[in-house]
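What follows is a short report on a single structure.
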Amino acid sequence: MIIEVKNIDVFYGNIRALKKVSLSVDRGEIVALIGGNGAGKSTLMKAIVGLVQKRSGTILFEGRPITAKAVAEIMRLGLGVVPEGRRLFKPLSVIDNLRLGAYLRITNRQRHQVQKDLEGIFRLFPVLKERIRQSAGTLSGGEQQMLAIARALMGQPKAILMDEPSTGLAPIIVREIFQVINRLKSEGNTILLIEQNASMALRTSDRAYVLESGQISLEGTAKELLEDDSVRRAYLGV
Ligand SMILES: Nc1ncnc2c1ncn2[C@@H]1O[C@H](COP(=O)(O)OP(=O)(O)OP(=O)(O)O)[C@@H](O)[C@H]1O
Ligand SMILES: [Mg+2]
């Protein structure tokens, strides 16, 4: 397993946002985490990345504990993040956002590799190449989401956490985002995919977890969850 979350509890003040949550992601897998508003999905992602404190439990990355490590250290180990709301550097150009994505690596003296990676990124996202000098804040929503994914890839992560990449986008753009995710999977990437679009997420992933009120209520293969009556009623609108 590349990511292992074991029995973590997270509190905001007195409010318990995650209750004994356990989850794992294996190399090359796409694992979906679905759940409604306020279920704790982003909190779980922040807990893995080191943005919120864990009151109990353990998180392992490639078998090594990262539970108490700082964000920069965790990212340097090889965790890439596509945060909720994209969090681009909006006044900066597309190319500068991409270069910032490689920042942790540049400090690792891999500067020469960055130009080569940019070429790979532009093959995957031709739309970004056309807009290389445009400021990120002036891109369309879909283009911004592509840029957020591309920026994470520039860090050459061993695993990528994506928080609701399809939210707020038109259906045709949502399909494009999931096509990109499928392509990333076929290239061997490992992804933990947080989504409210359960239907697309389950059709794109290998395994999935359902988070409800801070607890994992169900887990299984994506196929099992797609066929599960409670999932169909609550998340697939069937
Ligand atoms: N910084 C914070 N301080 C206090 N409470 C918080 C904080 N961040 C999140 N919460 C609460 O924790 C719970 C889980 O929030 P979280 O953002 O993880 O949900 P989510 O599943 O990502 O929801 P959404 O799908 O709407 O993004 C919510 O009840 C939220 O109000
Ligand atoms: Mg969220």
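The values are calculated or read from the model by the stated rules, or taken from the named source; none is laboratory data. Treat the numbers as computed from the prediction; the structure is a model and nothing was measured. Note that each Cβ is placed from the backbone with ideal geometry, even for glycine, and that neighbours are counted across all protein chains shown. With ligands, DNA and RNA removed, areas are computed over all heavy atoms of the protein, side chains included. Shrake-Rupley method; radii C 1.70, N 1.55, O 1.52, S 1.80 Å.
Values computed for the structure shown
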item	result
Label point 7 Å beyond Cα of Arg27 along Cβ direction - residues of segment 173-204 with amide nitrogen under 12 Å	189-190
Degrees between helix 171-186 axis and first principal axis of the chain (Cα, 0 to 90, nearest 10)	90
Residue-by-residue Karplus 3J(HN,Hα) for segment 78-91, coefficients 6.51, -1.76, 1.60, Hz, glycine and proline x	x, 9, x, 10, 10, x, 4, x, 6, 6, 6, 8, 5, x
Solvent-accessible area per residue for segment 122-229 (1.4 angstrom probe, square angstrom)	43
Expected-Rg normalisation [2.2 N^0.38 Å, Cα atoms] applied to segment 91-150	1.08
Efficiency of FRET from Cβ geometry, Met1 and Arg55, R₀ 25 Å, rounded to 0.05	0.65
Cα gyration tensor, segment 123-238 - rounded (a/c under 1.5), prolate or oblate	prolate
Fraction of beta bridges assigned by DSSP in the chain that are antiparallel (%, nearest 5)	55
5 angstrom amide H check on Glu84, placed H, neighbours 5+ away	Asp163
Amide N proximity, segment 64-84 versus Leu100 label position 7 Å along Cα-to-Cβ, cut-off under 13 Å	83
Residue of Gly50, Gly13, Gly141 that the Gaussian network model of the chain assigns the largest fluctuation, springs spanning Cα pairs under 10 Å	Gly13
Whether segment 1-40 is rounded, prolate or oblate, judged on the alpha carbon gyration tensor where a/c under 1.5 counts as rounded	oblate
Among Asn189, Asn97, Asn37: highest mean-square fluctuation, GNM of the chain, C-alpha pairs under 10 Å	Asn37
0 to 90° range, to nearest 10: angle between helix 111-124 axis and the chain longest Cα axis	70
5 angstrom amide H check on Ile160, placed H, neighbours 5+ away	Gly80, Thr190, Ile191, Leu192
Calculated SAXS-style log₁₀ I(q)/I(0) at q = 0.07, 0.11, 0.12, 0.14 Å⁻¹ - the chain, Debye, Cα scatterers	-0.22, -0.55, -0.66, -0.90
Degrees separating the helix 141-154 axis from the principal Cα axis of the chain, which is the longest one	90
Three-way shape call for segment 25-77 based on the alpha-carbon gyration tensor, with the a/c threshold at 1.5	oblate
Portion, in percent, of the accessible area of the chain that falls on carbon or sulfur, probe 1.4 Å	49
